[in-house]
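The values are calculated or read from the model by the stated rules, or taken from the named source; none is laboratory data. Bear in mind that the values here come from a model prediction, so they are computed numbers and not experimental data. Quick reminder, even Gly has a Cβ in these numbers, built from the backbone with ideal geometry, and neighbours come from all protein chains shown. Remember, those area values only see protein heavy atoms, side chains included, never the ligands or the DNA or RNA. Shrake-Rupley method; radii C 1.70, N 1.55, O 1.52, S 1.80 Å.
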Amino acid sequence: MKHTPIYGMMAEFDSAQNLVDAAHHTHEAGYLKIDAYSPFPVEGLAEAIGFHKNNVPLVVLIGGLIGGLSGYLMQYWISAVSYPVNVGGKPYHSWPAFIVVTFEMTILFAGISAVFGMLALNGLPMPHHPVFNVPRFALATKDRFFLIVFSTDPKYSSSETRRFLESLGPRSISEVPS
Amino acid sequence: MEEQRQPVTLGQGAPVIEPGYTFGTVTDKISSIVLTRPTSNGWFLGFGIAFLLTMMMLFAIGYLFARGVGIWGVTIPIGWGFAIVNFVWWIGIGHAGTLISAILLLLRQSWRNSINRFAEAMTLFAVSAAGIFPLIHVGRPWLAYWLFPYPNTMGVWPQFRSPLVWDVFAVSTYATISLLFWFIGLIPDLATLRDRSTNRVAQMIYGMLAMGWRGSARHWHRYETAYLLLAGLATPLVLSVHTVVSFDFAVAIVPGWHTTIFPPYFVAGAIYSGFAMVLMLAIPIRKFYGLEDFITERHLQNSAKVMLATGLIVAYGYGIEAFMGWYSGNRYDGFLLWNRLHGPYAPWYLALLACNIFVPQVLWIRKLRTNPAALFVISGVILVGMWLERFIIVVVSLHRDFLTSSWGMYYPTRWDWMTYIGTMGMFLAAMFLFVRILPMISIFEMRTLLPEAEVKE
């Protein structure tokens, strides 16, 4: 029989409360490479698995700055350098008139950065993932809550981890083939 | 013991979601509309009519491309006519969707969760309908891309001191951000449909669109940050869009356009008409799909209150316009006011006052605010009124300007009407498709409204 590598050990819970409690216990027990799955954003769950800060705001800030700067510089270059046209005696570099487009470009680039930055940091699109190998995981987008300990965790052991997860009172436990 | 929190009721009045639902039943109820419920004959009939109207629009536009804008009623002095009236009307309608999804999110108004999805879809389709008009109005629509700055062999660039160029950026940014906001909100629900669907093709399509969303806590954390930031970005954006649209008028020196009240009064009018459209869509949808438990009396009441408030701002705008006509001492401004009340378009102006100011005052009555049929009718009246407002602004201001020798009248042709009514068909056809193939209520945000979503540390 071919040996299948194991991706991790997954426990299924009934409620958001149980998942957050279980995630706290697992993290406190010294398991560091863990993740939790829920059908809606659960307050405090990311913190419970030890994930406190994400880089989306930084990406959005950089995107917004690039958008705003390029918007303004584009208008300056077009109106004052490349194609200066005298409109009603206004100066070529008539900065008040450039504010609207600068603003819109800031929002556009920041918004695009927010969406695509979030997807990129999340590693999406990723149509296939080992957690989908667990048939019950289909309920993670409905009404069930899952906790996984990755097999890459130094504390991971097939029997120990299963025993530990069982002590948390899950509905079911399954080994996730990768 | 700490006090039991009741996130579903949030103060007095009807709840935002009727009690007795669980994560599972909320999911099933919303996703079954898309996945298992058979498509009704009413849907086919409604979609069929909307589709025919869309075809009529395409025919009118096709004929326009063959013959030119001469088939429309636009002439000098009224060079803007229906195209701009309808553009402003449609883009204004879109604003309610962004207000509901972004501004009410920032204000933590959780009642938005059951109406934001289809309001965002409404925004998207309204902006698409709006976008058609300036493009076909430019005369040579195949050259419409000249509006964008792109390196070209002619060596020319757009003129960035013109509000019309600002408008190109404002509207295209608005359309892009609205699409992104709508799509990012859909991702977790698309994953739900992927996992619930039993049809292989549907699984593939929803699966591809969901991009492998698995609801990881890390993903949700970044997702919520991105969603919140996007809401923060969309909030000033939506206020800026109609402001920039109003600059198209306010920067000109035409009496009736050249006024500083325009930006706030345009934005208020946009939200006014947008909520009217939200109600005109929500009331039949909740009835036909049995969603009264999710789109409750509370949503109708709150939308009615927003309409009442923005309607009063609009009324203030009209009042200031009239006051300034007298107070400025400018004879052209004074004449504009006289002409609105006594000129050839006076009945239209009086109808506008009736539709936008007088009729909506009945919304002070609580009984009417909670009566879906009455709200539907009042919303329709407001939509007509807001269309008349743009008609008055565009046509009446232009038709009699400084020189009596250049006065004229505007008579829309059948092609104007066919295009306008056709865009309504296109909008409705898109809405029909949307409610059939995508979850019209955000499932994951509805789950967060349930008491069992509450987690104690």
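A few comments on the model shown:
- For region A:25-45, residues that are open to solvent by less than 60 Å² (accessible area, probe 1.4 Å), in contact with an Asp or Glu (Cβ under 9 Å, 6 or more places away or on another chain) and farther than 18 Å from A:Arg163 by Cβ total 4.
- Here B:Ala175 meets the list (1) closer than 30 Å to B:Val244 by Cβ; (2) surrounded by 22 or more Cβ atoms within 10 Å (Cβ to Cβ); (3) among the aliphatic types (A, V, I, L, M) almost entirely, failing just condition (2).
- Flag for B:Asp189 being charged (D, E, K, R) and open to solvent by less than 10 Å² (accessible area, probe 1.4 Å): yes
- When B:Val384 is tested against the conditions (1) assigned to a loop (DSSP other than H, G, I, E, B); (2) closer than 30 Å to B:Ile71 by Cα; (3) open to solvent by 10 Å² or more (accessible area, probe 1.4 Å), the lone failure is (1).
- Criterion: open to solvent by 40 Å² or more (accessible area, probe 1.4 Å), of a type in the set (Phe, Trp, Tyr) and at the interface with chain A (Cβ under 8 Å from one of its Cβ atoms) - qualifying residue of B:Phe169, B:Phe160, B:Phe148, B:Phe183: B:Phe183
- Top-ranked residue in region A:152-167 [being crowded, with 19+ Cβ neighbours inside 10 Å and not β-branched (Val, Ile, Thr); ranked as nearest to the chain's Cα centre (by Cα)]: A:Leu165
- Candidates are the residues of region B:26-52 that are of a type in the set (S, T, N, Q) and under 21 Å from B:Leu186 (Cβ atoms); the one that is surrounded by the fewest Cβ atoms within 10 Å (Cβ to Cβ) is B:Thr39.
- Test: residue in region B:364-375 that is of a type outside the set (S, T, N, Q) and within 22 Å of B:Phe249 (Cα to Cα): no
- First in region B:167-179 and more than 13 Å from B:Phe87 (Cβ to Cβ), second anywhere and polar (S, T, N, Q), Cβ under 6 Å, 6 or more apart: B:Ser178/B:Thr123
- Residue list for region A:104-152, filter: more than 24 Å from B:Thr173 (Cα to Cα), of a type in the set (Gly, Ala, Ser) and touching a helix residue (DSSP H, G or I) at 6+ places or on another chain (Cβ under 6 Å): A:Ala138
- Cβ-Cβ contacts under 6 Å between residues 6 or more apart (or on different chains), taken from a first residue in region B:187-200 that is facing chain A (nearest Cβ under 9 Å) to a second residue that is assigned to a loop (DSSP other than H, G, I, E, B), are listed as B:Ile187/B:Trp213; B:Pro188/B:Trp213; B:Asp189/B:Pro439; B:Ala191/B:Trp213.
- Failed condition for A:Asp143, given (1) open to solvent by 60 Å² or more (accessible area, probe 1.4 Å); (2) in a loop (DSSP other than H, G, I, E, B): (1)
- When B:Arg222 is tested against (1) among the basic types (Lys, Arg); (2) surrounded by 22 or more Cβ atoms within 10 Å (Cβ to Cβ); (3) more than 7 Å from every other protein chain (Cβ to nearest Cβ), only condition (3) is not met.
- Scanning region B:425-456 for residues that are more than 22 Å from the chain's Cα centre (by Cα), in contact (Cβ under 8 Å) with a residue 24 or more places away in the chain and either open to solvent by 50 Å² or more (accessible area, probe 1.4 Å) or farther than 29 Å from A:His24 by Cα (or both) turns up B:Pro451, B:Glu452, B:Glu454.
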